[in-house]
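Single-structure report; data block below.
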Amino acid sequence: SPTNTSNMFDRLGDSLSSPFGEPPNLASLDLSNSSSLNSMFYNSRFSNLPDFTNVSLPTSPTSFQWFMRGIITNSVTSHLDFSNKTFKPSTLIRAFDTFRSANKITFPSGSNSDLSSLTNISYAFNNAGSGSAELEVVLPTDADYSSVTSWVSAFNGLNGPGTDTLTTC
């Protein structure tokens with residue numbers, strides 16, 4: 001039950017000559033006491049995305065800055081699903097910037113999602129998705145976004161489903 005996982009898998013396998021390695025086994029990882037997930041998977045190279053099925057996310061406001069920025073996977077996952085997780089970010093700065101490893105990211109809603117401490121979502125999905133991996137981002141519509149002071153380029157260059165880059169707001 002680590003209190004900080006900053007840079008835990010940062011740039012793992014990040015080299016042009018490196019093959020895509022297997023993602024770390026996160027089974028039963030308890031991150032509920034972590035205050036920072038900064039750069040946890042920044043620029044890592046995996047065969048596919050890590051499996052968060054049995055991972056407990058933090059239960060208090062936590063920084064997700066650069067969380068999965070620039071992660072590269074050999075195969076595109078259809079859905080990175082956080083919908084059944086507790087989600088209490090304090091920042092999402094560049095959390096999924098240049099993310100091209102899934103077709104959809106779903107965040108929790110209702111009682112599992114507390115965005116009241118979220119202050120910055122700048123560049124969160126900047127240039128995410130691609131022609132081969134268009135990205136659909138599903139944020140909670142019932143969340144309190146009143147503390148967010150910066151939305152700078154949050155969805156800049158997002159390559160979403162269909163012909164438009166931002167289909168639903």
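Here are a few things to note about the model shown:
- Test result for S1, within 14 Å of the chain's Cα centre (by Cα) and either more than 18 Å from F87 (Cβ to Cβ) or not β-branched (V, I, T) (or both): no
- Inter-residue pairs, beta-carbon under 7 Å, first touching a residue at least 12 places away in the same chain (Cβ under 8 Å) and buried (at least 16 other Cβ atoms within 10 Å of the Cβ) and in the range 56-84, second among the aliphatic types (A, V, I, L, M) and not in a loop (DSSP other than H, G, I, E, B), 6+ apart: V76/A102; T77/A102; L80/A102; L80/I105
- Scanning the range 85-109 for residues that are hydroxyl-bearing (S, T, Y) and either in contact with a His (Cβ under 8 Å, 6 or more places away or on another chain) or open to solvent by 60 Å² or more (accessible area, probe 1.4 Å) (or both) turns up T106, S109.
- The listed residue being at negative phi, modelled with pLDDT under 90 and not acidic (D, E), out of S75, S116: S75
- Odd one out for S101, checked against (1) within 13 Å of the chain's Cα centre (by Cα); (2) at positive phi: (2)
- The range 9-45: number of residues that are assigned to a loop (DSSP other than H, G, I, E, B), without any contact (Cβ under 8 Å) to a residue 40 or more places away in the chain and farther than 19 Å from T98 by Cα: 14
The values are calculated or read from the model by the stated rules, or taken from the named source; none is laboratory data. Source: prediction; values computed, not measured. As a convention, Cβ positions derive from the backbone with ideal geometry for all residues, glycine included, and neighbour counts pool all protein chains shown. Surface accessibility is based on the protein's heavy atoms, side chains included, excluding ligands, DNA and RNA. Shrake-Rupley method; radii C 1.70, N 1.55, O 1.52, S 1.80 Å.
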